[in-house]
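The values are calculated or read from the model by the stated rules, or taken from the named source; none is laboratory data. These figures come from a predicted structure and were not determined experimentally. Cβ sites come from the backbone with ideal geometry, for glycine too, and all protein chains shown count toward neighbours.
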Amino acid sequence: MILVTGATGSIGRHLVRRLDELGAPFRALVRDADQGRALGCPYAVGDFDDPDSIAAAVVGIDRVLLNGAGAVPTPDGRPQPMVAQQKTVIDAAGRAGVRRIVKVSVWHAHRGGRLAQGAHWEIERHLEASGVEWSLLHPSGFMQNFLTGAGTFDDNGSLIAPAVDAPVSYIDCHDIAASAAVLLTEPRGAGETFVLTGPEALTMREVADHLEGSLGRPVGVVALGAEDMAARLEAQGVPRRFADDVAHLWADVGTGSMAATTPAVEHLTGREPRTFVAFLAANRNALR
């Protein structure tokens with residue numbers, strides 16, 4: 001039996017459908033019963049901040065997809081809640097005899113890293129020391145960010161970017177979920193880290209060109225430096241320390257830090273990951 005945490009998110013929704021297609025026994029962890037009914041699959045109600053509910057959710061579970069909402073700002077700008085929350089799941093899983101945890105992390109997670117990079121590194125080390133078999137997924141930037149528009153478009157509908165010509169190997173969450181499904185249902189990938197990317201690295205100008213055809217309107221690109229990005233976030237109510245860290249990571253992407261592509265998706269799933277054009281075609285209604 002598989003437990004899917006983060007089941008209502010961009011990866012979790014795809015994973016729930018994939019596991020159902022495979023006929024793999026699973027249940028989704030949701031915060032309330034309405035979410036579970038909306039997913040239309042077996043579910044358990046639980047909250048990462050409620051250890052007892054997590055302990056109950058992992059009873060009878062063999063494998064866990066560990067995923068969450070990511071680093072969120074606290075009053076002092078530190079993303080500590082995610083660290084404690086995911087450690088709670090890992091500890092409960094260990095006590096319940098879970099055999100494997102597949103964790104969705106971030107690319108370039110490292111000691112002392114800012115925001116998610118440092119937080120995920122700490123969680124990864126806790127997982128490795130837990131005694132539970134593990135696999136790590138390090139995805140590139142999500143194509144789904146262009147559906148939500150969160151942090152991607154300005155008020156005029158133009159894309160914002162740290163650099164117009166900095167390529168990023170965006171990946172469809174559909175492919176992250178497909179990769180996770182393999183690791184959750186097959187005896188592969190124990191103790192391995194998989195950097196998951198799309199098949200190509202696109203600059204923001206190239207992304208805008210593709211979006212124009214799907215949106216039916218011109219899409220501009222605005223380069224936004226680190227200081228301007230921090231100011232933009234502060235104006236939206238983000239704590240200063242958190243805004244500065246986001247701006248630092250933003251600027252790092254502008255140097256090409258997420259430009260590489262890997263064969264990991266094809267290695268795991270047996271097929272190439274979706275191109276951005278294919279992603280747009282599959283999500284045409286959502287875009288409009």
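Mind counting the residues in region 109-146 that are aromatic (Phe, Trp, Tyr), more than 20 Å from GLU192 (Cα to Cα) and in a helix (DSSP H, G or I)? So that I can check it myself, show each step before the final result.
Taking region 109-146 as the starting set, the residues that turn out to be aromatic (Phe, Trp, Tyr) are 121, 134, 142, 146.
With the extra rule that they be more than 20 Å from GLU192 (Cα to Cα), the set shrinks to 142, 146.
Still in the list and also in a helix (DSSP H, G or I): 146.
Matching residues across region 109-146 total 1.
The selection criterion, being without any contact (Cβ under 8 Å) to a residue 60 or more places away in the chain and farther than 22 Å from SER10 by Cβ, does not hold for ARG100.
Residues are listed down the side, and each one gets a yes or a no for (1) of a type outside the set (Gly, Ala, Ser); (2) buried (at least 19 other Cβ atoms within 10 Å of the Cβ):
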site: MET1; (1), (2): yes, no
site: ILE11; (1), (2): yes, yes
site: ALA24; (1), (2): no, no
site: ALA38; (1), (2): no, no
site: GLY46; (1), (2): no, yes
site: SER53; (1), (2): no, no
site: VAL58; (1), (2): yes, yes
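Are any of the residues in region 226-242 assigned to a loop (DSSP other than H, G, I, E, B), of a type in the set (A, V, I, L, M, F, W, C), modelled with pLDDT of 90 or more and within 27 Å of LYS103 (Cβ to Cβ)? No: zero hits. For region 141-196, the tally of residues that are charged (D, E, K, R), at pLDDT 95 or above and under 27 Å from ASP244 (Cα atoms) stands at 0.
Applying a threshold of 6 Å to beta carbon distances and a minimum spacing of six or more residues, or different chains, the list of pairs starting in region 155-174 at a residue that is touching a residue at least 12 places away in the same chain (Cβ under 8 Å) and over 13 Å from PRO199 (Cβ atoms) and ending at one that is charged (D, E, K, R) and not in a loop (DSSP other than H, G, I, E, B) reads VAL164/ARG205.
Among the residues that make up region 37-44, is at least one of them assigned to a helix (DSSP H, G or I), modelled with pLDDT under 95 and out of contact with any helix residue (DSSP H, G or I) (no Cβ under 7 Å at 6 or more places or on another chain)? Break it down into steps so the answer makes sense when it comes.
From region 37-44, those assigned to a helix (DSSP H, G or I) are 37-39; that's our starting set.
If we keep only those that are modelled with pLDDT under 95 too, we end up with 37-39.
So of that shortlist, the ones also out of contact with any helix residue (DSSP H, G or I) (no Cβ under 7 Å at 6 or more places or on another chain) come out as 37-38.
So far as region 37-44 goes, yes, one or more of its residues are assigned to a helix (DSSP H, G or I), modelled with pLDDT under 95 and out of contact with any helix residue (DSSP H, G or I) (no Cβ under 7 Å at 6 or more places or on another chain).
Screening GLU266 on (1) at pLDDT below 95; (2) out of contact with any Ser or Thr (no Cβ under 7 Å at 6 or more places or on another chain) shows it passes everything except condition (1). Remark: pairs (first residue in region 10-24, over 22 Å from GLY141 (Cβ atoms); second residue surrounded by 21 or more Cβ atoms within 10 Å (Cβ to Cβ); Cβ separation under 7 Å; 6+ apart in sequence or on different chains) = VAL16/VAL4; VAL16/ALA7; VAL16/ALA28; LEU19/ILE2; LEU19/PHE26; LEU19/ALA181; LEU22/ALA181; ALA24/ILE2. The set of residues in region 25-44 that are out of contact with any strand residue (DSSP E or B) (no Cβ under 6 Å at 6 or more places or on another chain) and either under 18 Å from GLY60 (Cβ atoms) or among the basic types (Lys, Arg) (or both) comprises PRO25, ARG31, ARG37. If the condition is being outside any loop (DSSP other than H, G, I, E, B) and buried (at least 16 other Cβ atoms within 10 Å of the Cβ), then region 147-163 contributes LEU147, PHE153, LEU159, ILE160, ALA161. The criterion of being without any contact (Cβ under 8 Å) to a residue 24 or more places away in the chain and either within 30 Å of VAL4 (Cβ to Cβ) or touching a Gly at 6+ places or on another chain (Cβ under 7 Å) (or both) does not hold for GLU212.
Can you tell which of ALA226, ALA231, ALA235, ALA208 is crowded, with 19+ Cβ neighbours inside 10 Å, at negative phi and more than 20 Å from the chain's Cα centre (by Cα)?
Residue meeting the stated conditions: ALA208.
If I filter region 258-279 down to residues being of a type in the set (Gly, Ala, Ser) and surrounded by fewer than 15 Cβ atoms within 10 Å (Cβ to Cβ), which single residue comes out as nearest to the chain's Cα centre (by Cα)? Spell out how you get there, then give the answer.
Our first condition is that a residue be of a type in the set (Gly, Ala, Ser); within region 258-279, this holds for 259-260, 264, 270, 278.
Those left that are additionally surrounded by fewer than 15 Cβ atoms within 10 Å (Cβ to Cβ): 260, 270.
Numbers: ALA260: 18, GLY270: 21 Å.
It comes out as ALA260.
Of all residues in region 228-277, those satisfying the criterion of being among the aliphatic types (A, V, I, L, M), in contact (Cβ under 8 Å) with a residue 40 or more places away in the chain and over 24 Å from ALA119 (Cα atoms) are VAL265, LEU268, VAL277. Taken together, the criteria place ALA178 among residues that are under 21 Å from LEU268 (Cβ atoms) and either surrounded by 17 or more Cβ atoms within 10 Å (Cβ to Cβ) or touching a residue at least 12 places away in the same chain (Cβ under 8 Å) (or both).
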